[in-house]
Amino acid sequence: MSLRTLGEHGGGGGGFGGSSSDQLAERFYPLYERLFSEDSEFVQGLQKKLKQSRMSDTVEMYLSRALGIGVLSGLFLWILGMVIGWLLFIRIGVLGDEVLLLEGIDNQALVDFAKTVKIPALILFTGLFFGSIGFALGFGALVSVPYSRASARKREINMLLVDAVSFMYALSVGGLNQLEILEAMAQAEDTYGEVAREFQSIVHETEYFDTDYKTAIRNQALETPSDELAQFLTDMLSIVNSGGDMESFLDDKKQKHMRTAKQQQEMTLETLELFGEMYMTLSLFPLLLIIILVIMKMMGQANDDMLYGTVYGLIPLTGAGFMVLVSTVKQDEPGDGYLRPADRSEWLESHESRGLLDLGLVEQFTGEFSVFDRIESREGTYETVQVLSKPHIFFRDNPVYTLALTVPAALVVVAVALVSGQAPTMWDGVCQSAVDASNTVACSSSNAATNDAGEKIVETAGMIQQPVWGTFIYAYVPTYMILLPLAVFYEWNVHSRRAVISDISDNLRKLSSANDTGLTLLESIETVSETTSGKLAREFDAIHAKVNYGMSLKEALVEFNNKYHLPRLARTVKLIAKAQEASSQITDVLTTAAQASENQDDIDRERKSRTRMQVVIIIMTYLTLLAVMGILKTQFLDVMTGLVEQGGGGGGGAGGGATSFGGNINPGLLSLMFFHAVTLQAILSGFISGYMRDADILSGVKYVVVLMTIALAAWIVVA
């Protein structure tokens, strides 16, 4: 491993390793030497990806370890394949006594030899086949990790580069020199993620390996996974070497990357529009297959297993596959939104992303004096009282915690329905003769019995006899109990947090104008809070009050940001907090922050407008599917069932033809399958709509609840 690699990774873990994996790599190193050459294109490419993914392994040890894992997994599947071959060809006797491809040969000795070696050869071939798959899976999975990590880093770097360049430009305007800008970027990992880590490599190389920063920039331009960052570093190096104006260079790059971000957003939205059109075809395919299977079943050419596979297998797989496809294009916002400055106080550290059982600053002092133990006890009591007195506020701030209450409650409700006999306990009902004709309900032809009056009676109704009620108990009641509170509190959480950035661009412009008149940053914040309404203005007023009571302005800004922890807000606050350390007159910095925010506003407006159309397409596609299934149930299935019953009752002629055409159908089962199909499609369409809209799976919960309600209401009418 080179010194540079050690400097980047600090010998840390990004690899797969402890002592056991290192021993495995050492044992298979001779095999690596036999199979690979250090000058081969594959080895050189993997070595580059290891550097780009910031994994600390050398390519030799990594490939040796991959070979070891591949051999072990191949050996395991080879043994499994031999066992499967033994079961198939000896215990079960799949091929019997036939001799493959030798039936026409007259040489009896050759035929006898083939019979002797046929079964062992097939078992050996099965083992080799499974072993090859195991080796390919083990070796290929490990080799693909650096490529996957490098691709993920490249994606995040490209997304954050425009804000990172704006940050560097603001620092340059604030009076920082080139080295200070590089160091500030390296320290901004909490906000700029992978971009900051690339600059950390530059700073570490200059500090620990006695390399001048020009050479370090050149080396990092060659090793970064992002072509855009590589071009930026190369251009920066030319400015440094020529002694050009860094501020003008960063200003030009800021404008360029803002345009690039909009172009990239346009390409992403166009791809999502294409996916929306694909979804129309993909979601209608199971519907067409169900219709074909129903017709084939009426003709006696299909069984129920194919229908079950389509409803419970093909529909979920189609939706999940489309979700994965969208996730490869849809760009979620990187970062958690929390600011973690290196010089943060214990107060900020104790309030940083506090968990449910975290009592804050007092936990750092418990055990030293009894007074702190009493304070901790009182603090725990106070926190508990606050949660119990205002549970809606707690669940607003922690919407996922609603599952701790709703999931057990849903299980209890379903269990009570089962115990009380309100929910069906079997798939198909039990039919037998009965005297009380008032208990007559629809009974499937497969298990129908009749009383003396010729009536079909069901003593115990199953899911097929009660499709709506049974599905409502087992699927809709738990879904409503779990997802409805989650949707309400999640949307409340998102709305309350995002309200603070709804007018952030205008307020930044106002801050810049106030600061330009000679007011300090704190005085500008006070002025804007007094002359502006809205949530951000109230937060500005709170920041001013905290500073007046002794908190530093930087800590007040960081605490304000961490309260809402939005990545976009974090980048703005980071820029202002860093710039105000050098001077309180940061008009140009505030103007830059306002421009970056306005650029993000333009991107968000375009994204919301275009993704709204994709959501409409998905919902309309689902409603179309629901309408077709309802028409199929009422206008085709019910009509055909009536014709079959009329034909069976009338006998002879046309009646016999109707019976032979549709006598194989079970209308109760098909109605249940149709209802389950539209219910599953509602769940998938809802989650896909939310993910396309906001790149967050929880955003789709509200769509799931709405679409399932529409499906339930429609099927109550239909069935």
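No lab work stands behind these numbers, since they all come straight from the coordinates. In this text, all values refer to a predicted model and were calculated from it rather than measured experimentally. Quick reminder, even Gly has a Cβ in these numbers, built from the backbone with ideal geometry, and neighbours come from all protein chains shown.
List of remarks:
- In a fully extended conformation the segment linking ASP235 and GLU26 would gain 71.0 nm over its present Cα-Cα distance, using 0.36 nm per residue.
- Per-residue Karplus couplings for the range 211-228, computed as 6.51 cos²θ - 1.76 cosθ + 1.60 with θ equal to phi - 60°, are listed in order as 9, 5, 5, 5, 5, 5, 5, 4, 5, 5, 4, 7, 9, 5, x, 9, 5, 5 Hz, Gly and Pro entered as x.
- Global geometry of the range 208-253, whether rounded, prolate or oblate, following the gyration tensor of its Cα atoms and the 1.5 cut on a/c: oblate
- Restricting the calculation to Cα atoms, the range 172-212 shows an Rg/Rh of 1.00 when the hydrodynamic-style radius is the Kirkwood one.
- Globularity index of the range 104-253, i.e. its alpha-carbon radius of gyration over 2.2 N^0.38 Å: 1.92
- THR709-ASP227 FRET efficiency (beta carbon distance; Förster radius 51 Å; 0.05 resolution): 0.60
- Debye-formula intensities of the range 450-573, expressed as log10 I(q)/I(0) at q = 0.09 Å⁻¹, are -0.46 (one equal scatterer per alpha-carbon, no solvent).
- As a rough guide to protection, the peptides 565-576, 492-503 ranked by mean Cβ packing within 10 Å, highest first, stand as 565-576, 492-503.
- Cα centroid separation, the range 692-710 to the range 399-413: 19 Å.
- Each label was represented as a point 7 Å from its Cα along the Cα-to-Cβ direction; for MET299 and ARG538 these points are 6.7 nm apart.
- Per-residue Cβ neighbour rank within 10 angstrom, fewest leading, GLU523, GLU33, GLU205: GLU33, GLU523, GLU205
- Label-point separation in nm, LEU623 to ILE133, each point 7 Å along Cα→Cβ: 4.5 nm
- Close amide-amide hydrogen proximity is noted between SER56 and GLY14, GLY15, each under 5 Å apart and 5 or more residues distant or on a separate chain (H modeled in the peptide plane; Pro and chain starts excluded).
- Listed pairs LYS262/LYS535; LYS330/LYS702; LYS49/LYS214; LYS546/LYS702 exceeding 30 Å between Cα atoms: LYS546/LYS702
- A straight chain from ARG498 to ILE79 at 0.36 nm per residue would run longer than the Cα-Cα distance by 145.2 nm.
- Sites SER583 and TYR338 - FRET efficiency at Förster radius 25 Å, r taken between beta-carbons, to 0.05: 0.45
- Annotation: the range 547-634 has a Kirkwood hydrodynamic radius of 16.8 angstrom, from the mean reciprocal C-alpha pair distance.
- Taking a Cβ cut-off of under 15 Å around MET323, the surrounding Lys, Arg, Asp and Glu residues balance to a net charge of -1, with basic ones at +1 and acidic ones at -1.
- The range 688-694 - phi-based ³J(HN,Hα) in whole Hz, Karplus 6.51/-1.76/1.60, Gly and Pro as x: 5, 4, x, 5, 5, 6, 10
- Shape of the range 164-262, Cα gyration tensor, a/c cut at 1.5: rounded
- Mean Cβ neighbour count within 10 Å, used as a protection proxy, ranking 397-409, 585-597 highest first: 585-597, 397-409
- Ellipsoid fit via the Cα gyration tensor, the range 115-173: semi-axes of 56, 6, 4 Å, each the root of five times an eigenvalue, largest first.
- Here the Karplus curve 6.51 cos²θ - 1.76 cosθ + 1.60, taken at θ = phi - 60°, turns the phi angles of the range 237-243 into couplings of 5, 5, 5, 5, 5, 8, x Hz, with x standing for Gly and Pro.
- Length-normalised contact order for the range 104-230 - Cα pairs under 8 Å, 6+ apart - percent: 21 percent
- Full extension of the segment from ASP604 to VAL477, taken as 0.36 nm per residue of separation minus the current Cα-Cα distance, would add 42.1 nm.
- Between ASN219 and LEU405, the simple label model (points 7 Å from Cα in the Cβ direction) yields a spacing of 5.7 nm.
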